[in-house]
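Notes follow once the structure below has been shown.
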Amino acid sequence: MKSFLKFIHMSLVGGILFLLPIIVLVIILGKALAIARKIVGPLARHIPLESSIGLDAPVILAIALLVFFCFLAGFFARTALAQKAISWLETTVLSNLPGYEFIKRLGGSLLGDENRQTYPVVLARIEDAWQLAFLMERLENNQVAVFVPGVPSPQSGSVYFMTEDRIQLLDVPSSSAMKCLKRYGLGANALLAGRLPPAQPPEAPGK
């Protein structure tokens, strides 16, 4: 019963953490699109523009305006002034949010940012099983801290402290490991081919 309640709790928390960013993004984009439509409204009345999928001129111009502002924001984000502002915001606010640093680094890997340091993917031995995990930090006395993501929402999970001989580094991208977890282990054969430790033979009866 206790394990079932833990499963329900982890599933609910994982679902909330998975859906929350999507909901926030949809709300922000909806508000931004509404504001952009008000801005381009007067201009759209004089442009007989309509797309093949039925979008009218205000919507098309509003989307184009949002794309343009996103481009400008991305360009500005590369400047020294923006980097200082982002660094201050991360240090004072964002770093206090649960899971921000992990998601930030993982997001860089998913977007192909080769310069961003990511957490190595490992196999961690938890009791008699091996689990996909991320090596968060090496500790003293040959100990390590690993994060074992939950399924199907890897944003939540458990942290384990164990000896280094209980992990095996995997030369696989973080994005591939996360995809396998989100699919409940589907694709693990291709991901872990030749990387799983050999199975130990069962002990003979009476030993």
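If R0 is taken as 41 Å, the Cβ-Cβ distance between Asn141 and Leu20 corresponds to a FRET efficiency of 0.60. Full extension of the segment from Phe161 to Ile27, taken as 0.36 nm per residue of separation minus the current Cα-Cα distance, would add 44.4 nm.
At full extension, Ile60 and Gln83 could sit 5.1 nm farther apart than now, given 0.36 nm per residue minus the alpha carbon distance. Here the 3J(HN,Hα) profile of region 138-151, calculated from phi with Karplus coefficients 6.51, -1.76 and 1.60 at θ = phi - 60°, is 8, 10, 6, 6, 6, 9, 9, 10, 10, 10, 9, x, x, 10 Hz, Gly and Pro shown as x.
Each reported figure results from applying straightforward, stated rules to the coordinates on display, with no laboratory input. Model, not experiment: these values are computed from the prediction. Positions of Cβ are generated from backbone atoms using ideal geometry, with glycine treated the same way; all protein chains shown enter the neighbour counts.
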